[in-house]
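Colleague: One structure is given below, represented as structure tokens, and several questions about it will come after.
The values are calculated or read from the model by the stated rules, or taken from the named source; none is laboratory data. Given the structure is predicted, the values throughout are model-derived calculations rather than measurements. We place every Cβ from the backbone using ideal geometry, glycine too, and count neighbours over all the protein chains shown. What goes into the accessible areas is simple: the full protein's heavy atoms, side chains included, and nothing from ligands, DNA or RNA. Shrake-Rupley method; radii C 1.70, N 1.55, O 1.52, S 1.80 Å.
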Amino acid sequence: MNVVERAYFEALAAALCGPVQADERVSLLLAAESSSFIRFNRGAVRQATHVEQAVATLSLVRGRRHAEVRLALGGRVDADIARLRTELDALRALLPALPDDPYLLLPDAPACSERHDTGELPGESVVVQAVARVAAGLDFVGFYAGGPVVRAFADSLGSRHWHHVQTFHFDWCLYHTADKAVKTAYAGSHWSEDEFARHVAESTRQLAVMARPPRVLAPGAYRAWFTPTAMAELLGALAWGGFGLKERRTGTSTLMRLAHRDAVLHPDIEISEHTALGPAPAFTAEGFARPPRVSLVERGLATGTLNSARSAQEFGLAANGANREEVPESLSLAPGRLPEAQALAALGTGLWISNLWYLNYSDRQACRMTGLTRFACLWVEDGRPVEPIGVMRFDDSFLRMFGEGLLGLGDRAELITESDTYLERQLGSKSTPGALVEGWRLTL
């Protein structure tokens, strides 16, 4: 049986979460996918494979004691049920030796949800032929991943959550020479070769600029336009310890100054965990339903936090669908009023930042970040790309950049899905517009 079919999950759920011992609570979380992966080099296929896998997390609770086990499944229902039952017996034997967990919090009533998106994904041959046509003559280096992904949850209370999405993510670089390249991505649930060709054509235009000698910049403050891809990197760093309830209550959040009103962001900044926008499931690993949207910043002021079940229990607040790490999975920065088509004109003379990498904090309490420019970062004069810039390191506070430094947000938010495939394809995303910032600080 295919591991991404609902019948497979329901068979496991019925066998493991059906009648259980009176003082027990059993839950089953399934993560499954049927994915095609194709790697390209110089526009030709270098590697191609297909992965079908399913991983179950089985949990047992008795009183305030709990234990769980995670194991890979083989896709044969009877054999998988037998293995899971063996693991459940092992958890029963283990539980008496474990202490009570004072922060254990689980849903107190059964709940159900369903999302089943089928999408229109290309076959492997369609992707290969599209690359051959669209990228002919280019040094095209890319990675395609696509197929259905499932997250499903069941427990012995009667809860059932089913999440099935069909998505693809295709990112690639067009190389000029050495480290001169343009990186682009195309992702979604409905493939269009015309849209893929448009993305490649846009990156080809930037490649022509990359062929020119790079401008050497002196350290200093520069006016800069950050594309949505670069913004996603900055927001990703902000998500690392910025929004969680536990970090706020223990004083370790990178947004403590914002939370204490020692600093404010620009009034146009509105940030939320917007589950309804992205491909992430609308439920947690414990079976809590996620609200469609959780406000984190409104009109530049801190409004809320991501409350996991454990932190909610520890600090006496309500859980609001956050994962155990209290890291956003569907982070959204609302668009502004600057027409994206006029971004170059609005920039005038300054930096076009298409990508950033190696981001980290240089001062967490000040929300000061550092990192490097990457790929097609360009010097722009009078609204016209002139030449690439050499790799530069920045060191600047997110609160300054998007507080007093923000000149405008683009009027179109782009949904950027996670491309990570380590262990399994990820379903996280960020929705963000581009941004025009004054005085971005480059250090070396």
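Colleague: Which residue is surrounded by the most Cβ atoms within 10 Å (Cβ to Cβ), if the candidates are limited to the stretch 179-200 and must be touching a residue at least 24 places away in the same chain (Cβ under 8 Å) and more than 21 Å from GLU124 (Cβ to Cβ)?
Modeller: VAL182
Colleague: A further question follows. Filter the stretch 305-332 down to the residues that are in contact with a Leu (Cβ under 6 Å, 6 or more places away or on another chain), part of a loop (DSSP other than H, G, I, E, B) and either open to solvent by 20 Å² or more (accessible area, probe 1.4 Å) or among the hydrophobic types (A, V, I, L, M, F, W, C) (or both) and list them by number.
Modeller: The answer is THR305, ALA322.
Colleague: Output the number of the condition that ARG46 fails; it satisfies all remaining conditions of (1) within 30 Å of TYR144 (Cα to Cα); (2) in contact (Cβ under 8 Å) with a residue 12 or more places away in the chain; (3) open to solvent by 50 Å² or more (accessible area, probe 1.4 Å); (4) not small (Gly, Ala, Ser).
Modeller: So ARG46 meets the others, but not (2).
Colleague: Here is a further query. Considering only the stretch 97-117, how many residues are part of a loop (DSSP other than H, G, I, E, B), open to solvent by less than 60 Å² (accessible area, probe 1.4 Å) and not acidic (Asp, Glu)?
Modeller: Result for the stretch 97-117: 7.
Colleague: On to the next question. Residue by residue through the stretch 159-178, note down the ones that are open to solvent by 40 Å² or more (accessible area, probe 1.4 Å) and either of a type in the set (Gly, Ala, Ser) or within 17 Å of the chain's Cα centre (by Cα) (or both).
Modeller: Matches in the stretch 159-178: GLN166, ALA178.
Colleague: While we're here: Find all pairs meeting these conditions: Cβ atoms under 8 angstrom apart; at least six residues apart or on different chains; first residue within the stretch 287-310 and under 21 Å from THR250 (Cα atoms) and touching a residue at least 40 places away in the same chain (Cβ under 8 Å); second residue in a strand (DSSP E or B) and of a type in the set (Ser, Thr, Tyr).
Modeller: LEU296/SER272
Rundown of residues vs (1) under 18 Å from PRO148 (Cβ atoms); (2) buried (at least 17 other Cβ atoms within 10 Å of the Cβ); (3) within 30 Å of the chain's Cα centre (by Cα); (4) of a type in the set (Phe, Trp, Tyr), yes/no style:
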{"position": "ALA54", "(1), (2), (3), (4)": "yes, yes, yes, no"}
{"position": "ARG65", "(1), (2), (3), (4)": "no, no, no, no"}
{"position": "ARG70", "(1), (2), (3), (4)": "no, no, yes, no"}
{"position": "ARG76", "(1), (2), (3), (4)": "no, no, no, no"}
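Colleague: Select from the stretch 118-147 the residues that are open to solvent by 40 Å² or more (accessible area, probe 1.4 Å), part of a loop (DSSP other than H, G, I, E, B) and within 27 Å of VAL165 (Cα to Cα) and list them in ascending order.
Modeller: Matches in the stretch 118-147: THR118, LEU121.
Colleague: Could you please give the count of residues in the stretch 208-225 that are open to solvent by 40 Å² or more (accessible area, probe 1.4 Å) and of a type in the set (Gly, Ala, Ser)?
Modeller: Qualifying residue count, the stretch 208-225: 4.
Colleague: I've got another one for you. If I ask for residues that are under 21 Å from ALA435 (Cβ atoms), open to solvent by less than 30 Å² (accessible area, probe 1.4 Å) and of a type in the set (Val, Ile, Thr), which ones from the stretch 259-295 would you list?
Modeller: ILE269, ILE271
Colleague: Considering only the stretch 333-341, I want to know if a residue exists there that is in a loop (DSSP other than H, G, I, E, B), open to solvent by less than 50 Å² (accessible area, probe 1.4 Å) and closer than 30 Å to GLU68 by Cβ.
Modeller: Within the stretch 333-341 (the criterion being in a loop (DSSP other than H, G, I, E, B), open to solvent by less than 50 Å² (accessible area, probe 1.4 Å) and closer than 30 Å to GLU68 by Cβ), the answer is no, since none of the residues qualifies.
Colleague: Do you know which residues across the stretch 376-419 are open to solvent by 40 Å² or more (accessible area, probe 1.4 Å), part of a loop (DSSP other than H, G, I, E, B) and of a type in the set (A, V, I, L, M)?
Modeller: VAL391, the sole residue that qualifies.
Colleague: Let me ask another. Answer yes or no as to whether GLU10 is over 30 Å from GLN129 (Cα atoms), modelled with pLDDT of 95 or more and among the acidic types (Asp, Glu).
Modeller: So GLU10 fits the description; yes.
Colleague: Moving on. Condition first: open to solvent by 10 Å² or more (accessible area, probe 1.4 Å), part of a loop (DSSP other than H, G, I, E, B) and modelled with pLDDT of 95 or more. Now tell me which residues in the stretch 429-444 satisfy that.
Modeller: Answer for the stretch 429-444, where residues must be open to solvent by 10 Å² or more (accessible area, probe 1.4 Å), part of a loop (DSSP other than H, G, I, E, B) and modelled with pLDDT of 95 or more: just THR443.
Colleague: From the set of residues in the stretch 241-258 that are surrounded by fewer than 18 Cβ atoms within 10 Å (Cβ to Cβ) and touching a residue at least 12 places away in the same chain (Cβ under 8 Å), which is nearest to the chain's Cα centre (by Cα)?
Modeller: Within the stretch 241-258, the match that is nearest to the chain's Cα centre (by Cα) is THR252.
Colleague: While we're looking at this one, here's another question. Return the pair list, or none, for Cβ contacts closer than 6 Å from residues in the stretch 1-18 that are farther than 12 Å from ALA152 by Cβ and part of a loop (DSSP other than H, G, I, E, B) to residues that are of a type in the set (D, E, K, R) and modelled with pLDDT of 95 or more, at least 6 apart or on different chains.
Modeller: Partner pairs satisfying both residue conditions: none exist.
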